[in-house]
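Worksheet: the structure to be examined is printed underneath.
The values are calculated or read from the model by the stated rules, or taken from the named source; none is laboratory data. The model shown is predicted, which means the values in this text are computed figures rather than measured ones. Glycine gets a Cβ as well: all are built from the backbone with ideal geometry, and neighbour counts include every protein chain shown. The area values use the complete protein model at the heavy-atom level, side chains included, leaving out ligands, DNA and RNA. Shrake-Rupley method; radii C 1.70, N 1.55, O 1.52, S 1.80 Å.
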Amino acid sequence: MKKILTIAGSDSGGGAGVQADLKTIAALGGHGLCVITALTAQNSWEVRSLNPVPVETVESQLGAVVADGPPDSIKVGMLGGEDIVRLLVGKLADFSPVPLVLDPVLRSSSGSDLLSGERKEEILKPLFSLCTVITPNLSEASLLCGMKVNDISSMKEAGVFLHRLGAPAVLVKGGHLDPAPTDVLFDGTSHHEIPGERIPGPSVHGTGCVLSSAIAVFLAQGKSLLDAATEAKLFVGQSIREACKVGEGAACVQPTAHLIRSAGRSDVLAELDRALATLCEVGNGYLVPEVQSNFAYGSVGAESPEDVAGFPGRIVNVKGKIRSVGLPEFGGSKHIGRIVLTAMRVDPEMRCCLNIRYKEGVEDACHHLSLTVGSFDRADEPNDVQLREGSSLEWGTEKVLSELGSVPDVIFDRGHDGKEPMIRVLGKNPEQVVATALRLCERLY
Ligand code: PXL
């Protein structure tokens, strides 16, 4: 396992700083070491105080961690004060050729100074020549270069300027660039534009820390600087998409997003399997309609059919018993999977659906059982929907959801023109859906 050292400040809010760095390093498979340079007292909206760690304590942390041998790469973030910068200028040269990424942190996104001293840009400059790459954002690049850096061409100029000041390579981050958040890497010879997409949502805290730490991990793994910067940008995008709102202020970037997502995916399969076992044990095969059943469950935040698990061979009636043909898998249910995606757009918690045989009296049964119910009439289906293969369930579900303004427990239709009538049971999870389906059947049959 690669060892990645972060030399950075602590963010008590857990969104940025050494907390974000260590999460990033761990999430990318590295072992994180840390030297803490400053303690901030902050939350999601403000930095209340900043206390640089005494320089001797910084030195002893560094001495202790490197006594185990040199790290495979180093990330330097918030340094707090000039004395700590001076200490590092003296120490970091000893680590050459270990890759070193400097995030020249000057201010927090909430506007507080994170480096004390008058001419902050001058304080940091002696570190530049010791780095593999420095990663200023637009406002840091503007301060460091003494000019407005606010478009691709000024980002390129800033890269050349900072390279002349000693940085072997410069990645100017365009996170706040309009319209697209392109980053520009100057590698000492040429410029590379690294495209990104604007992610809608609240402002997010800690993205620069995650980016620089991810670059450090990728460099430790032997990737080229351009590959490391490109992959790190994708990683930050994913971590922004799943940012977590912890308070009134900015959301916290979530470097563990992909781990949570993949752990959630195996839970999705296991929950589907367990609930199907109950259905097979307790349910009557008659529940399965002529077109057969499917049982679909979306992972948290599902957006595409590949994020929804189902049974590719469908669920069938074998001599009066319910049986599945195969194991659940992601992308395994086209039709019922679409209903789940449609429901999740209205209520992200309603992630599960099972279709069962239609029986007259379903509406009364639902009322009796206090289940919410909606229906659509396939005769109302517009021609273009009928022509588009697989779109009619989406249309019917959308129609019911927009009429009700919420996702009901049951949606049914009475069929039309060779289309079998159908009941769809919806719920938050497979266990709930099977329980509802079994109660409904008990009442109906
Ligand atoms: O995002 C820059 C940053 C770095 N390190 C610490 C911080 C911040 C921003 O608030 O608090 C400790």
Hydrophobic long helices for the chain, i.e. whole DSSP H runs reaching 27 angstrom or more by Cα along the axis with Kyte-Doolittle mean at least 0.0, come out as 257-282
Checked segment 268-381 against the a/c 1.5 cut and the a/b vs b/c comparison, axes a ≥ b ≥ c from its Cα gyration tensor; verdict oblate
SASA check, Thr436, accessible area w/ 1.4 Å probe, all protein chains in place, rounded to nearest 10 Å², comes out at 10
Most packed first (mean Cβ within 10 Å per residue), the peptides 357-363, 166-172 order as 166-172, 357-363
Using a 1.4 Å probe on heavy atoms of the protein chains only, the accessible area for Cys131 in Å², nearest 10, reads 10
Lys148 and Ala64 label points (each 7 Å along its Cα→Cβ direction) are spaced in nm at 4.8
Quick calc, Leu327 & His416: beta-carbon distance into FRET formula, R0 35 Å, rounding 0.05, result 0.55
Of all GluC sites (Glu not before Pro) in segment 273-342, the ones in DSSP coil with at most 14 other Cβ atoms within 10 Å are Glu290, Glu303
About its Cα centre, segment 264-444 carries a charge dipole, from +1 on Lys and Arg Cβ atoms and -1 on Asp and Glu Cβ atoms, whose size in debye to the nearest 20 is 580
Checked the chain against the a/c 1.5 cut and the a/b vs b/c comparison, axes a ≥ b ≥ c from its Cα gyration tensor; verdict prolate
Expected sort for 333-343, 82-92 on mean C-beta neighbours within 10 Å, highest first, is 333-343, 82-92
Averaged per residue, the 1.4 Å probe accessible area of the chain, protein heavy atoms only, in Å², is roughly 44
For segment 3-255, whose charge dipole is built from +1 on Lys and Arg Cβ atoms and -1 on Asp and Glu Cβ atoms, the candidate among Gly201, Asn51, Gly15 with its Cα farthest towards the positive end is Gly201
In whole percent, the fraction of accessible protein surface over segment 1-76 that belongs to carbon or sulfur atoms, probe radius 1.4 Å, stands at 58
With R₀ set to 22 angstrom, the calculated FRET efficiency between the beta-carbons of His31 and Arg261, to the nearest 0.05, is 0.45
Comparing Glu157, Glu271, Glu118 in a Gaussian network model of the chain (Cα, 10 Å), the one with the largest mean-square fluctuation is Glu118
